[in-house]
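Heads up, the thing below is written out as structure tokens.
The values are calculated or read from the model by the stated rules, or taken from the named source; none is laboratory data. On a predicted model such as this, the values are computed, not experimentally measured, just so you know. Backbone-built Cβ (ideal geometry, glycine too); neighbour counts: all protein chains shown. Accessible surface areas use protein heavy atoms only, side chains included; no ligands, DNA or RNA. Shrake-Rupley method; radii C 1.70, N 1.55, O 1.52, S 1.80 Å.
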Amino acid sequence: MASPIVIIGAGQAAASFVSRHTALGSTQPLLLIGEESHPPYQRPPLSKKYLLGELERDRLFIRPLDWYAEQGVETRFNTRVTEIRPAARQIAVAAGDIIDYDRLIICTGSSARNLPAEIGGGLDAVFTLRSIADIDRLSPEFRTGRRLLIVGGGYIGLEAAAAGRQLGLEVTVIEMAERIMQRVAARETSNYFRHLHSSHGVEIMEGAEMIRLVEAGGRACGAELTSGEIIDADLVLIGIGGSPNIELAQAANLECDTGIRVDGACRSSDPYIYAAGDCTSFERNGQQIRLESVQNAADQGDLVARVIAGEDVSYTALPWFWSDQYDCKLQIAGLNIGYDQCVVRPGDKDQTQSIWYYSGDRLLAVDAINDPKAYVFGRKMIESGMNPRKESVASPDSDLRAIAKG
């Protein structure tokens, strides 16, 4: 019997690979291995509708569990891979089994970063937000009137802040940088979302560096800042980013930097091993980058299936992201890495606008806030390599459709 294609990790990238592989009609057997007890599921709703109780668990699943068996895909959930043996083209799992593979796809994703244990990361009432299990543990603590302290003013922290306020919690966000969203967005975007959260009663403390979490009876009850101030809390959510799960790849001597280095075909430094999703590092516009996004994971997983099927394709997809906070939708097209100027374009309605990122005269990215038109046409311009004049973009009287047509 032929060795299967083995997929390590059961997230968005893995689901995309399996879907494309089966759609292409391949008869090569697949083995999907995941550490969680669930089939692949959507993660973006975790900090939004699932946390708010507006989405049932089964609706998170990208495919129903039965679908995998119907497609002839063998699944092993609740299973941890302990070793990759490239020379033998084998993997080992915690149960002691040794599994041969024809090709190996690493889709191990990333893990939420926590605080070091010495400053309180291991206390009770301290949470991260990355998995169904995280939300199931956190949800009972989200009760009206409780004090929620969020460490980190990025997307996860701000989405959780919005959910907390919608459920009636008192919310404080502390951000070590001088402004929220500093790593991912321009000051103009940060200003918009600071005002949005403040208008909903969230206290945002920027430039606030934490020394440690305050503890009482083994449970976090607040945070001490370098200023000497103590922020009281009933629960603490850590939203300080994620780390790629690359330990297996490193131990197997695959080339890694900020992630598993892959080429344009998502092939690692071993010709029989591919990687897709949050765990990968790849070249874009002359820079080696790593992205944590649904789009990147889905597109890379899809591409690996096509490459293994014999297609001559490379990963060139335009990155895009989104964030829902209250009734506000932020849609992002492109990457703003290296921008030196921003142009703000007012939207057609109140509370709508878009921020256009440029490097010199080159358009890099667009943040569209409640402005789907700006997102659609901005994305079209970036994909086609157009560089519209900044004056035209900034003028609310200009027609984006006409600009996009050139």
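Quick check on Asp348: is it among the acidic types (Asp, Glu), open to solvent by less than 70 Å² (accessible area, probe 1.4 Å), at negative phi and out of contact with any strand residue (DSSP E or B) (no Cβ under 7 Å at 6 or more places or on another chain)?
no
Here's a check for you: in region 292-334, which residue that is surrounded by 18 or more Cβ atoms within 10 Å (Cβ to Cβ) and among the β-branched types (Val, Ile, Thr) is nearest to Pro372 (Cα to Cα)?
Taking the candidates together, the pick is Ile332.
From the residues in region 373-402 that are touching a helix residue (DSSP H, G or I) at 6+ places or on another chain (Cβ under 6 Å) and of a type in the set (A, V, I, L, M, F, W, C), which one is most open to solvent (accessible area, probe 1.4 Å)?
The qualifying residue most open to solvent (accessible area, probe 1.4 Å) is Phe377.
Given the criteria among the basic types (Lys, Arg), farther than 29 Å from Arg290 by Cβ, part of a helix (DSSP H, G or I) and out of contact with any Cys (no Cβ under 8 Å at 6 or more places or on another chain), does Arg401 qualify? Steps first, please.
Values: among the basic types (Lys, Arg): yes; farther than 29 Å from Arg290 by Cβ: yes; part of a helix (DSSP H, G or I): yes; out of contact with any Cys (no Cβ under 8 Å at 6 or more places or on another chain): yes.
Yes.
Residue-wise test of (1) surrounded by fewer than 15 Cβ atoms within 10 Å (Cβ to Cβ); (2) in contact with an Asp or Glu (Cβ under 7 Å, 6 or more places away or on another chain); (3) farther than 16 Å from Ala297 by Cβ; (4) among the aliphatic types (A, V, I, L, M).
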{"site": "Val18", "(1), (2), (3), (4)": "no, no, no, yes"}
{"site": "His21", "(1), (2), (3), (4)": "no, no, no, no"}
{"site": "Ile33", "(1), (2), (3), (4)": "no, no, yes, yes"}
{"site": "Gln42", "(1), (2), (3), (4)": "no, no, no, no"}
{"site": "Pro45", "(1), (2), (3), (4)": "no, no, no, no"}
{"site": "Arg59", "(1), (2), (3), (4)": "yes, no, yes, no"}
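Tell me which strands (runs of 3 or more DSSP E) are completely within region 71-145 and hold 1 or more residues being out of contact with any Leu (no Cβ under 8 Å at 6 or more places or on another chain) and open to solvent by less than 40 Å² (accessible area, probe 1.4 Å), or say none if there are none. Before you say what the answer is, go through the steps one by one.
Working: elements: 73-76, 81-85, 90-93, 98-100, 103-106, 110-112.
Of the strands (runs of 3 or more DSSP E) lying wholly inside region 71-145, those with at least 1 residues that are out of contact with any Leu (no Cβ under 8 Å at 6 or more places or on another chain) and open to solvent by less than 40 Å² (accessible area, probe 1.4 Å) span 90-93, 103-106, 110-112.
Exactly one condition in (1) of a type in the set (Ser, Thr, Tyr); (2) within 17 Å of Gly109 (Cβ to Cβ); (3) open to solvent by less than 50 Å² (accessible area, probe 1.4 Å); (4) in a loop (DSSP other than H, G, I, E, B) is false for Ser3; which is it?
(2)
Can you tell me which of Asp102, Asp97 is at negative phi and in contact (Cβ under 8 Å) with a residue 24 or more places away in the chain?
Of the residues listed, the single one that is at negative phi and in contact (Cβ under 8 Å) with a residue 24 or more places away in the chain is Asp102.
Do any residues in region 135-153 that are at positive phi have Cβ atoms under 7 Å from those of residues that are of a type in the set (Ser, Thr, Tyr) and open to solvent by 60 Å² or more (accessible area, probe 1.4 Å), where the two are at least six apart or on different chains, and which pairs are they?
Hits for this filter: zero, empty list.
Within region 251-262, which residues are assigned to a loop (DSSP other than H, G, I, E, B) and under 22 Å from Arg85 (Cβ atoms)?
Just the residues of region 251-262 that are assigned to a loop (DSSP other than H, G, I, E, B), to begin with: 252-255, 257-259, 262.
Matches in region 251-262: Ala252, Asn253, Leu254, Glu255, Gly259, Val262.
Before we move on, is Leu303 assigned to a helix (DSSP H, G or I) and under 29 Å from Trp322 (Cα atoms)? Give the derivation first.
Working: assigned to a helix (DSSP H, G or I): yes; under 29 Å from Trp322 (Cα atoms): yes.
It is true that Leu303 is assigned to a helix (DSSP H, G or I) and under 29 Å from Trp322 (Cα atoms).
Kindly provide the set of residues from region 335-345 that are over 21 Å from the mean Cα position of the chain (by Cα) and surrounded by 14 or more Cβ atoms within 10 Å (Cβ to Cβ), ordered by number.
Here is the first cut: in region 335-345, the ones over 21 Å from the mean Cα position of the chain (by Cα) are 339-345.
Of everything in region 335-345, those that are over 21 Å from the mean Cα position of the chain (by Cα) and surrounded by 14 or more Cβ atoms within 10 Å (Cβ to Cβ) turn out to be Tyr339, Cys342, Val343, Val344, Arg345.
Within region 270-285, is there a residue that is over 14 Å from Thr108 (Cα atoms) and crowded, with 20+ Cβ neighbours inside 10 Å?
yes
When region 169-207 is examined, which residues are found to be part of a strand (DSSP E or B) and of a type in the set (Asp, Glu)?
Glu170, Glu175, Glu203, Glu206
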